[in-house]
Each structure stands twice: as structure tokens, then as C-alpha cells.
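The values are calculated or read from the model by the stated rules, or taken from the named source; none is laboratory data. Predicted model, so just to flag it, every value in this text is computed and none were measured. Cβ: placed from backbone, ideal geometry, glycine included. Neighbour counts: every protein chain shown.
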Amino acid sequence: MSELSRSAAIPLFQRLCARNGEIGDAAAFDAAGLQASIANEIASLLNTRSSLTMAEFLKCQGTVLDFGIPDFSSLSCRSTEDLTTVSQAVQHAIALFEPRLSHTQVVALQDDSGHRGQAKLQISGAVRLGMTLRRVDFDIPVNLSDGVSEAV
């Protein structure tokens, strides 16, 4: 009798770029590995700048040339409108470039850590693990003044 898999396939590019012993011979992730892989992809996405303006990016269908998000260093973490714009851009980028994450919601919040220009992205969504959808959450600090993000 066959058994349902409680894993997800490792993307080919990630397997090809793995260092010796990093992923091993496994062809599938468990839940923690899948969430870590998605966190790494989101960090790459946030740390890559698209050449499109914010308005162009929010309307685009996304090609490999559009990978990343527009520069948001001119936006303020103290502005609700700017934080909404960042949320929309990140949500659109995830929809275009991270197909493993579905039902995505992104909220950008001002970070009260006292660091100038610091905001926090709260990203939630669902991933398919075997035959089930599993909720995942990411809290990612972002420095709007220089565009640097760090996956936590």
C-alpha cells in the first residue's frame, strides 16, 4: 500500500547550487527545510532590485528580468502609505517569483526597535507539504533607508 508523502520537492536550482553535504542526497524537504528554503528565497527576492518603478512593477506580469523588488529607499517607515506600498510590492513579488507560497499576506509595520528607517515585514501564507497545505509565517526586518533585508 502506498503512503502519503509529508515532504516537498527541493527546487532543482537549489540542489545544483548546494555545497557538499548541505542538502545531502535527499530529493525532498521536511516542513522545517521547506520553510527555511522559502525564507532564503524571500530574502534573495528582497535583496534584489528590479529596474522597474514601483508603479510599473505592481502592474507587471513578471519575467526573469523583473526579479526582485523596486528600490524603496526613498520611502519612509513612518508613513502608513509608504508601508502599504512596500507591502503591495513584496506581496506581488512573492506571487510572481515564489510559487511554493500561496494565500500570501504581507503587512509592513514600523519597527519600534529604535533603529532609524527600520520596518518589519510580516509574511504569512500556505505551502503544500505532501497532500496538505501548511501555514507558514516569516518576520523579516527591513531597513527602508538602504533597502537591506534580513530573513529571521
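Annotations
- When region 101-113 is filtered for residues that are surrounded by fewer than 19 Cβ atoms within 10 Å (Cβ to Cβ) and out of contact with any Lys or Arg (no Cβ under 6 Å at 6 or more places or on another chain), the ones remaining, listed by number, are 102, 103, 104, 105, 107, 110, 112, 113.
- Positions within region 104-113 being outside any loop (DSSP other than H, G, I, E, B) and in contact (Cβ under 8 Å) with a residue 24 or more places away in the chain, in sequence order: 108, 109, 110
- Filtered residues of region 114-129 (kept if outside any strand (DSSP E or B) and either surrounded by fewer than 14 Cβ atoms within 10 Å (Cβ to Cβ) or of a type in the set (A, V, I, L, M) (or both)): 114, 115, 116
- Residues of region 32-74 satisfying the condition of being of a type in the set (D, E, K, R) and more than 17 Å from residue 99 (Cβ to Cβ): 49, 56, 59, 71
- Evaluation of residue 140 against the conditions (1) assigned to a loop (DSSP other than H, G, I, E, B); (2) closer than 18 Å to residue 67 by Cβ; (3) in contact (Cβ under 8 Å) with a residue 12 or more places away in the chain; (4) not charged (D, E, K, R) shows that the sole unmet condition is (1).
- Each residue in region 50-76 was checked for being in a helix (DSSP H, G or I) and surrounded by 15 or more Cβ atoms within 10 Å (Cβ to Cβ), and 4 pass.
- Within this structure, residue 108 passes the test of being at pLDDT 90 or above and in contact with a Leu (Cβ under 6 Å, 6 or more places away or on another chain).
- Only residues that are in contact with a helix residue (DSSP H, G or I) (Cβ under 9 Å, 6 or more places away or on another chain) and either among the basic types (Lys, Arg) or surrounded by fewer than 18 Cβ atoms within 10 Å (Cβ to Cβ) (or both) were counted across region 86-95, and they come to 1.
- Selection over region 51-97 of residues that are over 22 Å from residue 118 (Cβ atoms) and either in contact with a Lys or Arg (Cβ under 9 Å, 6 or more places away or on another chain) or at pLDDT 90 or above (or both) gives a count of 15.
- Test for residue 79: is it small (Gly, Ala, Ser), exposed (fewer than 13 other Cβ atoms within 10 Å of the Cβ) and over 23 Å from residue 40 (Cα atoms): no
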